1. Amide H of Phe30: which non-local residues (sequence gap of 5 or more, or other chain) have their own amide H closer than 5 Å, using H built in the peptide plane?
2. What's the exposure ranking of Glu55, Glu21, going from fewest to most Cβ atoms within 10 Å?
Amino acid sequence: MAITVIDEKGMLQIPQKIREELCLKSGEEFEVTTEGKKITLLPVITPEEFIERMEGKIKSGKRTITPEEIKSTWKMQ
């Protein structure tokens, strides 16, 4: 968990550790949604870009999920 502050212009900074973990880059666009008091930010990227960025970062139990497994799950939805 990380804490950030909204500045006077309504901007907030995503902590560096989270940006690095999710491979977020300056200038990227996000879809912003709310549910009750919860705010969700989703990067606007293609499924292929998502798979490329997350390769080797998503783990299921003791093994790393392959890009092909992610792709097949994405297609099922």
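Laboratory data are not the source of any read-out in this text; all were calculated from the coordinates shown. Source: prediction; values computed, not measured. A quick note on method: Cβ atoms are made from the backbone with ideal geometry, for glycine too, and the neighbour counts reach across all protein chains shown.
1. Amide H neighbours of Phe30, under 5 Å, 5+ apart: Val44.
2. Glu21, Glu55
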